[in-house]
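A short write-up of the structure that comes next.
The values are calculated or read from the model by the stated rules, or taken from the named source; none is laboratory data. Because the structure is a prediction, the values reported are computed rather than measured. Neighbour counts are summed over all protein chains in view; Cβ atoms, including those assigned to glycine, are modelled from backbone coordinates with ideal geometry.
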Amino acid sequence: MSAQLDGSQSAIKWLLVDIGEVLLLKDGDKSFTELLADELGVDVSLAQAINRAHYTTMDVKFISEDAFISALKKDLGYKAPKDIFAYFARAYDKQVRPNIKFLDFLREIRSFGVKTAILSNTIAIYSDIQAKAGISKEGGFDPILYSWEVEMLKPNKEIFEHAVRKLGTKPEDIVFIDDKEEHLRGAQSAGLRTILFDDTDSAIAKICRLNLAQGKEGVDEKER
């Protein structure tokens, strides 16, 4: 790293990071719907309806597999396999890959006294796959705030206010990193600083221009 961090603002104590298209990147050409259709052995239009039902119920509140299967039968006339969550998990696992470069960078940033946490609109059944990729407390992310657990969604201001309380600091001490501008606007409304994740290298460069915690004067931006 060769660019100095900008010390003109108060020090950043937390990086609050999204998962999808930030820590986990899309792998391959197939969409999740296509992968799910392959796993279930159904056509893409039905897989799309099943996935829509999945997200509209389970990203804000966890429901049991039995309850989800019953809802699919009632709403779509689809008799789902008993272990349908496993089909979702396999499709998700095929769709994503860890952003190793960014995960390694965040590990390095922690040595400057900056803490890292997660805030993600996600589904409970993907947590094991995310943990396998290093997105866990053991991987250096604490707390991990999932929409289905807190029963709130980005970009609502309330979920960011909840995150600030959980982190136990002031909004201006936090930088929120996400690939969706609408989510950044929600964070800004709660007083957080934000970085748009458009690609790994530019996100790293933006973070390196921040004033990090623990009185460090700056880090050098390595050729990456």
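Under 7 Å between Cβ atoms, which residue pairs at least 6 apart in sequence (or on different chains) link something in the range 135-158 that is in contact (Cβ under 8 Å) with a residue 60 or more places away in the chain with a partner that is in a loop (DSSP other than H, G, I, E, B) and surrounded by fewer than 18 Cβ atoms within 10 Å (Cβ to Cβ)? Every condition considered, the pairs that remain are 147/60; 147/153; 148/60; 148/61; 148/62; 151/60; 151/61; 153/60.
Those residues that are closer than 22 Å to residue 12 by Cα and touching an Asp or Glu at 6+ places or on another chain (Cβ under 6 Å), I need them from the range 134-177; list them, please. If the condition is that a residue be closer than 22 Å to residue 12 by Cα and touching an Asp or Glu at 6+ places or on another chain (Cβ under 6 Å), then 155 is the only one that fits. Within the range 16-66, can you find the residues that are in contact with a strand residue (DSSP E or B) (Cβ under 7 Å, 6 or more places away or on another chain) and either part of a loop (DSSP other than H, G, I, E, B) or without any contact (Cβ under 8 Å) to a residue 24 or more places away in the chain (or both)? Within the range 16-66, 18, 19, 22, 23, 27 qualify.
Considering every residue within the range 46-54, establish whether at least one is of a type in the set (D, E, K, R) and surrounded by 13 or more Cβ atoms within 10 Å (Cβ to Cβ). No: zero hits. Say whether the condition of being over 23 Å from residue 26 (Cβ atoms), hydroxyl-bearing (Ser, Thr, Tyr) and in contact (Cβ under 8 Å) with a residue 40 or more places away in the chain is met by at least one residue in the range 111-131. Among the residues of the range 111-131, not one is over 23 Å from residue 26 (Cβ atoms), hydroxyl-bearing (Ser, Thr, Tyr) and in contact (Cβ under 8 Å) with a residue 40 or more places away in the chain, which makes the answer no.
Does any residue of the range 82-98 turn out to be assigned to a loop (DSSP other than H, G, I, E, B) and out of contact with any Asp or Glu (no Cβ under 9 Å at 6 or more places or on another chain)? Break it down stepwise before answering.
Taking the range 82-98 as the starting set, the residues that turn out to be assigned to a loop (DSSP other than H, G, I, E, B) are 82-83.
So of that shortlist, the ones also out of contact with any Asp or Glu (no Cβ under 9 Å at 6 or more places or on another chain) come out as none.
Looking for residues that are assigned to a loop (DSSP other than H, G, I, E, B) and out of contact with any Asp or Glu (no Cβ under 9 Å at 6 or more places or on another chain), one finds none in the range 82-98, hence no.
Applying the selection to the range 109-146, what residues are surrounded by 21 or more Cβ atoms within 10 Å (Cβ to Cβ) and assigned to a helix (DSSP H, G or I)? Result: 109, 126, 130. Is the range 108-118 home to any residue that is at pLDDT 95 or above and within 18 Å of residue 54 (Cα to Cα)? The answer is no, given that none of the residues of the range 108-118 is at pLDDT 95 or above and within 18 Å of residue 54 (Cα to Cα). Just one of (1) in contact (Cβ under 8 Å) with a residue 40 or more places away in the chain; (2) assigned by TED's automatic domain parsing to the domain that holds residue 171 fails for residue 91. It is (2).
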